[in-house]
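Presented below is the structure to which this report refers.
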């Protein structure tokens, strides 16, 4: 497997010396990107105290299987901890992972101390990290946990329901389409300049997943409408974020 920010890592070499936080993510999933500042913050705060953060990039879209695309996105996002590229989902299956992001914290003895899927629960995650690190050094003085970055990240907040993500071409009927769009493996492709796709949605933000020869593949903030300025634009889907009341 290919690695970013490391030549190669083995879990059996890390455990016994360190606590290990394994984070499954996708650079083209908005919930992964919203979680990323916390993961980067934990790496910055606790690496010197015995925490090793290891990212597993398991791409949910076809363009993410390209190592060059994945490396470019990881570099652009400023990720400094080691990341293993998992385009065939081998690591994902070994863990029985269930979604993006997926977080697993192992203590020095290799025991799974914490697990969480999706956004949120950042305070409990950092508390679990602190407990595991205290077992490495009982005199360790740790900082207060990171403050919530967004209102919807606060502990115990109740969120308004958001629109379910759109995955194409299967959810094509959920879109209002202008001009011709051709079904692909995991996208619809604009056949003409001026084609458009619109989705009705509710939530905090809408993001379109786009690729094609004229655009860098990934997430683009949207109002719910995508316009193909040139033929060949690929729309893989829409994603939506939660909103606090």
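Each value in this text was obtained by applying a stated rule to the coordinates, not by laboratory testing. If you're wondering where the values come from, they're calculated on a predicted model, not measured in any experiment.
Summary table
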| quantity | calculated |
| --- | --- |
| Choice from 21, 112, 36 with maximal GNM fluctuation in the chain (Cα, 10 Å cutoff) | 112 |
| The chain: proportion of alpha-carbon pairs further apart than 21 angstrom, % | 60 |
| Expected-Rg normalisation [2.2 N^0.38 Å, Cα atoms] applied to segment 166-240 | 0.96 |
| Cα centroid separation, segment 1-51 to segment 61-85 (Å) | 13 |
| Quarter of Cα convex hull surface for segment 205-245, i.e. mean projection, nm² | 3.0 |
| Whole-angstrom gap from segment 194-245 to segment 95-127, using each part's C-alpha centre | 30 |
| Calculated log₁₀ intensity ratio I(q)/I(0) where the Debye formula runs over C-alpha points of segment 47-165, q = 0.14, 0.20 Å⁻¹ | -0.78, -1.33 |
| Highest-MSF residue in the chain out of 61, 95, 46 [GNM, Cα springs under 10 Å] | 95 |
| GNM top mover of 179, 234, 34 - the chain, alpha-carbon springs below 10 Å | 179 |
